[in-house]
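The values are calculated or read from the model by the stated rules, or taken from the named source; none is laboratory data. Since we're looking at a predicted model, the values are computed, not measured. Cβ coordinates were reconstructed from backbone atoms using ideal geometry, including for glycine residues, and neighbour counts include every protein chain displayed.
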Ligand code: GLC
């Protein structure tokens, strides 16, 4: 791309969303360890992001959300933070961060960082101090330490299970060498939960917000935003069999969605409002319905919440129609935009997920021995159609790195390569999330497909990914990359982000048909081709044949008579 093109594109991006940019923005999730590695150690880094900003500009996204790059022992790929106000040397330095923010802003691209307030790393100085200080101390009161049950305190304080499998409590050894108290960790043992009823914890995080806001970030994605407050007395809770471990399917859980959590975000809302430029908060709150998710985006709380009910909807026209309508209604009722998302670093990539033929509970992942493995070609066809539907919806959309290349889940990773704590904590029973986290292929011919100059990659890349490499797809107008580029350009040109959705009648039940402004969108989710209406096709996710739309294909048209 030539520099005048870049300048033009940057102008278009920076001038477009304007006030409350997050209402319509397309936000691209960077998983730093797998995006691009400039140092050659096999783990992506911040200079790697900076080096590819023009590719993201060309893709046409408005903002980047970066998964954690703060100091961390990387027990949960950075979601175990040891210092909230520094960059881990694996990813670079604070100076690299500042350079990346500046370079992104120069291109009209905003930056959102991940904030992990539910728990820290066990290597955080506060947790180390808590271990040293002993029972009853102010240091322990920042976390959830409790005495065990049983005659000698040998049983955990309650029956809660970790999201990653196994018990949610670990017993510590006290300074005198004797077994002592237990601490709560909803995730890995290395991720102790904070006690958010403690004002010291609240004050700490106000400081963390200000640290990054002062450095110019445009917002925060808030990790486990439904988990900070635990019900009084920490009552026992047994989830239904095969429940979604993040609470997406359950209404009353003593550690998910407790009402007190909203005061934390009201407080944060006020802090962000002190800053210029429409800084935004986005909640990762796994709730069963759009109405419950919308509680996080009431006018004085967060600005966005991930729409997980949408992500978790199968490839079925009736279910999609219902969740889309419900989402628009529920978010509008609190004055917030709906968001849309199909993939992220915790779920099976949608190019595989949409063609699974067996139940696959959230977080379990797929691997060599999983039942119902997807047919790759079918998955990609559906994924392209699903994306064309998503990017036509009013509101804000999230894209996960690599989906623009049509990357499938990496199913055949060797056991020895797996790193997700889920895999270890379930003794290999759940594969976990490594399959959606494999480093990106940039080039067909370079070592590690251009991910890293030395050829190192923290997870092995499938050999079939050479043909999916970014540089290969740039040359091919029929590629998934070009589909994303053209959908994003048309979304911008037709103002779909702040448009209005109107369902169209006259189509079979298994077809999604709607209009957003001048654009008519038709997605065939049925089992037979359907005739297309008269109009100009501006984007198609697969070939249309003699005026008909094949199965698992979507089109955007203009000029269709109402
Ligand atoms: C969130 C993150 C996930 C992480 C967990 C614990 O769900 O998205 O990757 O493992 O929180 O921090």
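A few comments on the model shown:
- For the condition assigned to a loop (DSSP other than H, G, I, E, B), in contact with a helix residue (DSSP H, G or I) (Cβ under 7 Å, 6 or more places away or on another chain), surrounded by 23 or more Cβ atoms within 10 Å (Cβ to Cβ) and outside the structural domain of residue 276 (by TED's automatic domain parsing), residue 164 qualifies.
- The set of residues from region 31-71 being in a loop (DSSP other than H, G, I, E, B) and in contact with a strand residue (DSSP E or B) (Cβ under 8 Å, 6 or more places away or on another chain) comprises 31, 60, 61, 62, 67, 68, 69.
- All positions within region 297-331 that are more than 16 Å from the ligand (Cβ to nearest atom), touching a residue at least 60 places away in the same chain (Cβ under 8 Å) and part of a loop (DSSP other than H, G, I, E, B): 303, 315, 316
- Residue within region 160-172 that is at pLDDT below 95, within 20 Å of residue 130 (Cα to Cα) and away from the ligand (no atom under 16 Å from the Cβ) present: no
- The combined condition, being in a loop (DSSP other than H, G, I, E, B), within 29 Å of residue 285 (Cα to Cα), in contact with a strand residue (DSSP E or B) (Cβ under 6 Å, 6 or more places away or on another chain) and at pLDDT 95 or above, is fulfilled by residue 157.
- Selection count where residues are assigned to a loop (DSSP other than H, G, I, E, B) and either within 16 Å of residue 246 (Cα to Cα) or within 16 Å of the ligand (Cβ to nearest atom) (or both), scope region 332-371: 14
- Residues considered: 471, 404, 502. Of these, the only one that is in a helix (DSSP H, G or I) and touching a strand residue (DSSP E or B) at 6+ places or on another chain (Cβ under 9 Å) is 404.
- Residues that are surrounded by fewer than 19 Cβ atoms within 10 Å (Cβ to Cβ) and either farther than 20 Å from residue 312 by Cβ or in contact with a strand residue (DSSP E or B) (Cβ under 8 Å, 6 or more places away or on another chain) (or both), drawn from region 361-385: 368, 369, 375, 376, 377
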